[in-house]
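Chemist: Handing you a structure now.
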C-alpha cells in the first residue's frame, strides 16, 4: 500500500504528507478529523475495517510544526540546485549545504543560515562567513512557503482527494498593454 495522507492543521492548511501508518495513528486521537478517504483502500484489523484516510485534520496542539521542516533535499529544491556563491546550477551530488555563519561560530542548521554551495566554492569559503571569505551570497536565504509549487516538488503526485485542500496554483499575471499614440509638441505622431 503506497497511498499517502495529506495532513492539515486546524486552519485547514497543509502541513505535511505522511504514510498510511502514521495517518492511522493520528486517527486514534479523538480530536483529529478525517475529511476524505480513499474509496479503494481499506485497512482490516481483527475486529474492524477502516477506510484509508486521504485527508485528515490534526489538533494544532498535537502537531506544532507550522513551517516546513528543514532538510537537505528541501534546501536543494529551495535553492534550485544552484550554488549561492558562483550562481551555477549543479547536480545534487555536486552540491553541499553551506552554513552562512559556520557551525564553529555558533551557526545553526536552519532555513535562514543554510544555502547550497558547489564543492569548489564550499572549499574556498572554508570555515568563514561570506564577508570574511569575500564571497557575497547571490541569493538571500529564506523560509519557503508551503505553496502549490513546493508541494508538488516535495511530495510528488497530488491525489484527486487532496485537490480541494491544497493552496491554489498560481497563474502567471497577464500583462495588459495599452498602446497610446506618442505625443510630440501636443500633437499625435503618425506612424
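Any read-out appearing in this document is the output of simple, stated calculations on the displayed coordinates, not a laboratory observation. Just so it is clear, the structure is predicted and the values come from calculations on it, not from any experiment. Neighbour counts are summed over all protein chains in view; Cβ atoms, including those assigned to glycine, are modelled from backbone coordinates with ideal geometry.
Chemist: If eta is 1.567 mPa s and T is 4 °C, what Stokes-Einstein diffusion coefficient results for segment 72-133, Kirkwood Rh from Cα pairs, in µm²/s?
Modeler: 113 µm²/s
Chemist: If each residue's Cβ is checked for other Cβ atoms within 10 Å, how do 52, 95, 137 rank with the fewest at the top?
Modeler: Ranked by crowding around the Cβ, least crowded first: 137, 52, 95.
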